[in-house]
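Down below is the structure, laid out as structure tokens.
All of the numbers you see were taken from the coordinates with simple rules; none came from a lab. Keep in mind the model is a prediction, meaning the values are calculated, not measured. In this analysis, Cβ positions are derived from the backbone assuming ideal geometry, glycine residues included, and neighbour counts consider all displayed protein chains.
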Amino acid sequence: MSLVEARGLTKIFRRPEKDPGLRGSLKHLVQRRFKEFRAVDGIELSIEAGESVAYVGPNGAGKSTTIKLLTGILVPTAGTVRVAGAEPHTDRMVNARNIGVLFGQRTQLWWDLPVRESLALLRDMYDLSPAFYKQRLERLDEVLGLADLLPVVARKLSLGQRMRADLAAALLHQPKIVYLDEPTIGLDISVKDRVRQFLRELREDGTTLMLTTHDLGDIEDVCERIVIIDEGRKIFDGPLAQMKDRFARVRRMHLQLAEPTPAEKLAERLPDVEVIAGDSPTEVTVTFDRFTHTAGQIIAGVLDVVEVGELHLDEPAIEDVVRKVYAGELLR
Amino acid sequence: MKPYLGLLRMSTRRILTYRLNSLILWIGGATFLAGSLAVWHALLSEGAIGGYDWDQMKAYLLVGWATASIGSAYGDWWMASRIFDGHVATDLTKPLDYQWARFSEHMGGLATEFIAITIAATAIVTFTGGLVVPGPGQALLFAVSFLLVAPLKFTIAYITTMACFWTQNFMGVSWAKDAIVTLFSGALIPLALLPAWLAGPAAVLPFASITATPAALYLGQATGWEALRLLAVQAAWVLVLWWGARLIWRRALRALTVHGG
Ligand SMILES: Nc1ncnc2c1ncn2[C@@H]1O[C@H](COP(=O)(O)OP(=O)(O)O)[C@@H](O)[C@H]1O
Ligand SMILES: [Mg+2]
């Protein structure tokens, strides 16, 4: 059995159906009508120990709701969840010891007290020995620069600092499974990079990781598996590389030519391919469909016309790919 | 045990960071107590009412005010707001019993509440010329019942808070609860002075255990077996409400919808 297993996982919310305005509100008071809304719709998911999974989808896709179901916060409307053999919402206490959770949009720190106090409370909650606690703080300081934050009242932290402190709080007890819901939301680039670096180290430590995001930059180098959901349904589940292979048709090659060559001349030799002149007369960019041409064919074609100095192939950008998946262009 | 004591300590520290806020609250509370004393002083100048003379009424008002103060520093609002703003989500991922955890936080206010009560008692002794004190036996009975007020008030607040899971609104529920508790506990006026149609429900509701019971024990209105019976009723309410809250909580969790991210 996998570490995390969800079968037919479904959550239906009831939303009040109100007509607009005061009239609508009053009417709703006497005659309550609700519309059912499937936030998560029959999700099947198995995560093995040590895997790191990116859970991706546009806003409102049902990512956070899935995390809340997997962590035992919400009770599923239908379907089952098992995490390390336990059912999260019934064996809440058992499950809580196995998991670490971060909700990027809210903090678990005590807002009015120094960060150190919140961490000390977590030490007591998880029954950590003083030696282990000290060792964890040192480790978290190395990767998150925690030491500077310890004496600061949580309310006074910047968003980036708060996220680092919250990550430390979620990981203090070295949980088997870590769920991170939008861990980089609202952060500026440099802090984002730092958090991503931290996630890579976490993965290398062998922690099982599930990460939701709508910022696809979080995924590369951190997760090898990607699950894409939209409107509560899973629309892709597989290795990141496979997703790129399957869905990223368009590739881009940048060439440094031995002598100035007009783009049109290359375009004549390479039909069905887009050739664009670069910044200098000796640079061109060739954009081609991976399903109709190979990189080798392109290079051979260019070499017929002119010698090539350098060349460089863009990795398919997952942003582009996922965007197309969202747009329904690439349904399997 | 350790994490719950930790929560209690953290809660106390948080309350202390809001010293000014607390101070204003206590000044308001003290004003109310002083006002009640003045009103009853005037009413009782002609002689005792309903068996209460001025000395007894002073003690009654102090006990009533003290029992009303228990649990007020933490504030039910904290508990409710965590449900509204979604922080309940992080609370639920901790290896703690939710009810014990909230109880521990609730108890975090006791330190400041006891300080305030001591100050109020001292002020009454100083400015009104003394205070009736019970003998050692009654004092012990009173102390036990006063301690039971803390869990009793907690369970009532906790159950009220859970109404939020369904109503999505706390203000109305909270005001209604406060009004009912104040009236039926005897905190507003002694239950003996209520008209029969109000005294009836007051006798069967749990709220009398909050104020009327400790006051009766303090003033020696209930002694011997009657005193023990009152304590037993009080303890029974604590248990019934504590376990009732657990049942409601289990149902509330199914209704829980955590908003936002
Ligand atoms: N408590 C709730 N009540 C009603 N609808 C909700 C509730 N929580 C989330 N939703 C709805 O469910 C959908 C999925 O939400 P969520 O899981 O938060 O999406 P994501 O995290 O992918 O952005 C959204 O349309 C959201 O409006
Ligand atoms: Mg979300």
When chain A is reduced to its Cα atoms, the Kirkwood hydrodynamic radius in Å: 23.0
Which of A:H214, A:H173, B:H106 has the fewest Cβ neighbours within 10 Å, and the rest in rising order: A:H214, A:H173, B:H106
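Give the peptides A:227-235, B:134-142 in descending order of average Cβ contacts within 10 Å, highest first.
So the order, starting with the most tightly packed, is A:227-235, B:134-142.
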At q = 0.06, 0.10 Å⁻¹, base-10 log of I(q)/I(0) for the protein assembly as shown (Debye sum, equal scatterers on each alpha carbon): -0.46, -0.97
Computed over the range B:2-255, the ratio Rg/Rh where both radii use C-alpha atoms and Rh is Kirkwood: 0.97
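Take B:W237, B:W243 and order them by how many other Cβ atoms sit within 10 Å, fewest up front.
B:W243, B:W237
Under a Cβ-only charge scheme (Lys and Arg +1, Asp and Glu -1), can you give me the dipole magnitude of chain B about the Cα centre, in debye to the nearest 20?
With Lys and Arg at +1 and Asp and Glu at -1, about 960 debye.
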Square roots of 5 times each gyration tensor eigenvalue, C-alpha, the range A:249-315, largest first, Å: 17, 12, 11
Compactness relative to 2.2 N^0.38 Å, alpha carbon Rg of the range B:161-213: 1.27
The range B:62-71 - phi-based ³J(HN,Hα) in whole Hz, Karplus 6.51/-1.76/1.60, Gly and Pro as x: 5, 4, x, 5, 5, 5, 5, 6, 4, x
Test item: A:109-117 mean partner chain Cβ contacts at 10 Å: 3
5 angstrom amide H check on A:V56, placed H, neighbours 5+ away: A:V227, A:I228, A:I229
Rg to Rh quotient for the range A:111-178, alpha carbon positions, Kirkwood Rh: 0.94
Sorted by Cβ density within 10 Å, fewest first, the residues B:Y74, B:Y98, A:Y55, B:Y18: B:Y18, B:Y98, B:Y74, A:Y55
Inter-chain Cβ neighbour average for residues B:91-103, partner chain, 10 Å: 5
